[in-house]
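Accompanying notes for the structure given below.
Readers should treat all values here as calculations from the given coordinates under stated rules, not as data from a laboratory. In this text, all values refer to a predicted model and were calculated from it rather than measured experimentally. Note that we place each Cβ from the backbone using ideal geometry, even for glycine, and neighbour counts take in every protein chain shown.
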Amino acid sequence: MNQVSTITQSELSNMNAVIGSRKKGSSSSGVDYPKLAKIAMDQTTMIGKGRDAEKNPFFGYFFLKTEDPEEYVYGETMRIRVLNMVYQYVHTDFSRPEGSQFINKTIQFEDFKQEPRDELGGIRCGKPTTKEMDGWPQKDKDKYKDIKCTRIIRCLASYTGKKKNGEEVEVKNHPAIIFHKGNHFNDFEKQVNRVFPANAEWWDYEIELVPNFGVGQSGNQYANFTFKPIMKRLETTKEVYDSVLIVEEMIQSANEKVEAAYAAAIRAREVDHAALDAMDDSLAEDFDGGSTN
């Protein structure tokens, strides 16, 4: 992904056609794609304990979470170029032992008008819509608290930072991913969606990630970030063009696996129902003849 040449309008049209065909359900290549680096923020305010404790110099800094913590590069700010944004419901139970907390997930979808089918043959992992739960007692809503809708942002990340050993590193267009849920779920909607021009593609502009600092009710410091669009339209390079297509392929491949699990769960449920119906019919036949006494 080192090419910097821009692409033509016909190539853009071809890309949109390819993306459109995948959204209609055309099969993907079946490639196992590597995990993208997660964009994270160092939330540790202090290092050490007691008298030896000192402020963490990287508190509130951004980094790309990869397999080797020694290779983390920490930057005060970061810029991203969004390639794709989707939603996904995930059901996890953190009261379970580590490694068995995941329960279910849906397809990744772009519009809430779509039907978010899940791996266990249900919709939204069984969670009712916000509209359906409107007016419910909190105890009834809490039954579904482990099912979260997550906003997934795949992007190219660029920033300059340092490793913990002091080595300065420039990161340029590194494929990355952001997961937003809970209190920050709507941040992207408010700070980016409502600012971008209606006809813009996600990758037409860069977005700066800006850190915020504060003190919570418990008195502990916290750090999070907001999105700040840089409203200077960028050219679509071959690197961005290829990255968008790869991301679309990744999502399509992942969704096909969920759809296959959904179909298998539905078939299994139908077999179970057929078996129960057959058992009911058998019991009915036993009683058709009346009492033998």
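Which of the lysines could a cross-linker bridge to residue 143, judged by Cα under 21 Å and excluding same-chain residues fewer than eight apart?
Here the lysines satisfying the reach criterion relative to residue 143 are 105, 127, 131, 181.
Would you work out the relative contact order for the stretch 93-204, in percent, from Cα pairs under 8 angstrom that are 6 or more residues apart? Before the final figure, lay out the partial values.
Working: 94 pairs, mean separation 16.9, N = 112.
This gives 15 percent for the stretch 93-204.
Does the stretch 33-237 classify as rounded, prolate or oblate by the C-alpha gyration tensor (a ≥ b ≥ c root eigenvalues; a/c under 1.5 gives rounded; else a/b over b/c gives prolate, otherwise oblate)?
Details: a/c = 1.77, a/b = 1.23, b/c = 1.44.
Here the stretch 33-237 falls in the oblate category.
Give the relative contact order (percent, whole number) for the stretch 33-237; include only Cα pairs under 8 Å separated by 6+ residues.
On the way: 383 pairs, mean separation 46.9, N = 205.
The value is 23 percent.
To the nearest 0.05, what FRET efficiency results for residue 77 and residue 145 with a Förster distance of 25 Å applied to their C-beta separation?
Between residue 77 and residue 145 the formula returns 0.15.
Of the peptides 170-178, 243-251, 212-220, how do they stack up when ordered by the mean number of other Cβ atoms within 10 Å, highest first?
243-251, 170-178, 212-220
Taking Cα centroids, how far is the stretch 93-166 from the stretch 46-72 in Å?
Centre-to-centre (Cα) distance: 27 Å.
Which order results if 209, 64 are arranged by neighbouring Cβ count within 10 Å, fewest first?
Lowest count first: 209, 64.
Taking the beta-carbon count within 10 Å as an exposure proxy, list 202, 136 from fewest neighbours to most.
136, 202
At 0.36 nm per residue, and after removing the present C-alpha to C-alpha distance, how many nm does the segment from residue 167 to residue 266 gain when stretched out fully? Numbers along the way, then the final one.
Values: separation 99, 0.36 × 99 = 35.64 nm, distance 5.39 nm.
Separation in residues times 0.36 nm, less the Cα-Cα distance, equals 30.3 nm.
Rank these for me by crowding, 42, 140, going from fewest to most other beta carbons within 10 Å.
Details: 42 16, 140 11.
Listing 42, 140 from fewest to most nearby Cβ atoms yields 140, 42.
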